[in-house]
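The values are calculated or read from the model by the stated rules, or taken from the named source; none is laboratory data. Keep in mind the model is a prediction, meaning the values are calculated, not measured. Cβ coordinates were reconstructed from backbone atoms using ideal geometry, including for glycine residues, and neighbour counts include every protein chain displayed.
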Ligand SMILES: *Cc1c(COP(=O)(O)O)cnc(C)c1O
């Protein structure tokens, strides 16, 4: 019979702990990495919110402390993106997916135009078709959405034109704000706050918070107030933008914790140089990874045209000859704490999401793993 000594128990315990707290490199597409600041401040707020002795989870949304959170979140949102006063910032529920219907419900009289750049665009199109005529001005579906269509023409007789600026699944991105002769509506779920945007070029910008902003549960909408009131149909109270504009996103109980957390991310972003600095860091991180994908003989980028490649969701696959090594690479990366790089089931391969909160060090760790795996395989 053998006995484990006290010292051995300590050693085993220590090894286990080290294993449990191994640094993770979080490349998930959403929900996804948030700044440590956001996590820490959220924990604080859950324990004792603004010195109230109550948790942010259990305080009235009408309390002056929470009203301040909502107001500050909207204020900082406007400040960081330079949003003019004729726009409102809303925090709603139901995700970007509910916006797919809420947008045509509120804005589509007769006809709307959509750019079809991916799975999310096509879901938005499907919802809009229930409210009127939808013209798809261009689509990249013919090539598994691996590019952004160019040289399309937006008809002038539409109520709005809808785009998805960052295609989270395919890994393409529209990185500039363009001029169109009709109200422009953009799903920016996965690239909001990743770069400066000229909000005046848009009538409405929306997205789920759970990619670059906060935990799941809040949906942000930036809306130009004067685009409303032009459709005749009855709109249920909760699905009417005007309801939420009139009440400052406090018509009913808002997603309080999600807004509280999002506010922490906005503070973090401001303390770290705002969207201009974020864009610089994002370009640098993406460049490091795309360079390695292009160099490494095992891999190839899912999006061939560098201009169309997303800075937020970097999609890549294994070259035909190395395809059988896909799972082995995932396991190899996992041993180094790299999580969330398995590609979306519709694209396969890999997807590394490099949102604002992802440190450069995580990208470098992934690049090193790709290099070491290449040596191991060849
Ligand atoms: C994640 C995502 C959505 C869906 O968001 P939900 O909040 O889950 O409804 C829509 N559009 C884009 C571009 C996304 O990345």
Pull up segment 91-101, narrow it to residues that are within 9 Å of the ligand (Cβ to nearest atom) and assigned to a helix (DSSP H, G or I), then point me to the one that is surrounded by the fewest Cβ atoms within 10 Å (Cβ to Cβ). 97
Kindly evaluate residue 54 against the criterion of being in contact with a helix residue (DSSP H, G or I) (Cβ under 9 Å, 6 or more places away or on another chain), part of a helix (DSSP H, G or I) and over 20 Å from residue 161 (Cβ atoms). no
Could you check how many residues of segment 119-135 are more than 16 Å from the ligand (Cβ to nearest atom) and crowded, with 16+ Cβ neighbours inside 10 Å? 3
State the number of residues belonging to segment 102-114 that are surrounded by fewer than 22 Cβ atoms within 10 Å (Cβ to Cβ) and either within 11 Å of the ligand (Cβ to nearest atom) or over 23 Å from residue 238 (Cα atoms) (or both). 1
Would you call residue 217 outside any loop (DSSP other than H, G, I, E, B), within 10 Å of the ligand (Cβ to nearest atom) and under 18 Å from the mean Cα position of the chain (by Cα)? no
When you look at residue 222, is it in the same structural domain as residue 175 (by TED's automatic domain parsing) and either in a helix (DSSP H, G or I) or more than 16 Å from the ligand (Cβ to nearest atom) (or both), yes or no? no
Number of positions in segment 136-184 that are touching a helix residue (DSSP H, G or I) at 6+ places or on another chain (Cβ under 7 Å), part of a strand (DSSP E or B) and away from the ligand (no atom under 16 Å from the Cβ): 1
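Condition check ((1) at pLDDT below 95; (2) under 26 Å from residue 164 (Cβ atoms); (3) in contact with a strand residue (DSSP E or B) (Cβ under 7 Å, 6 or more places away or on another chain); (4) within 16 Å of the ligand (Cβ to nearest atom)) across all residues:
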| site | (1), (2), (3), (4) |
| --- | --- |
| 196 | no, yes, no, no |
| 208 | no, yes, yes, yes |
| 226 | no, yes, no, no |
| 245 | no, yes, yes, no |
| 252 | no, no, no, no |
| 266 | no, yes, no, no |
| 271 | no, no, no, no |
| 279 | no, yes, no, no |
| 305 | no, yes, no, no |
Residues satisfying the stated conditions in segment 289-314, i.e. over 18 Å from residue 169 (Cβ atoms) and either surrounded by fewer than 15 Cβ atoms within 10 Å (Cβ to Cβ) or assigned by TED's automatic domain parsing to the domain that holds residue 194 (or both): 291, 294, 295, 297, 306, 307
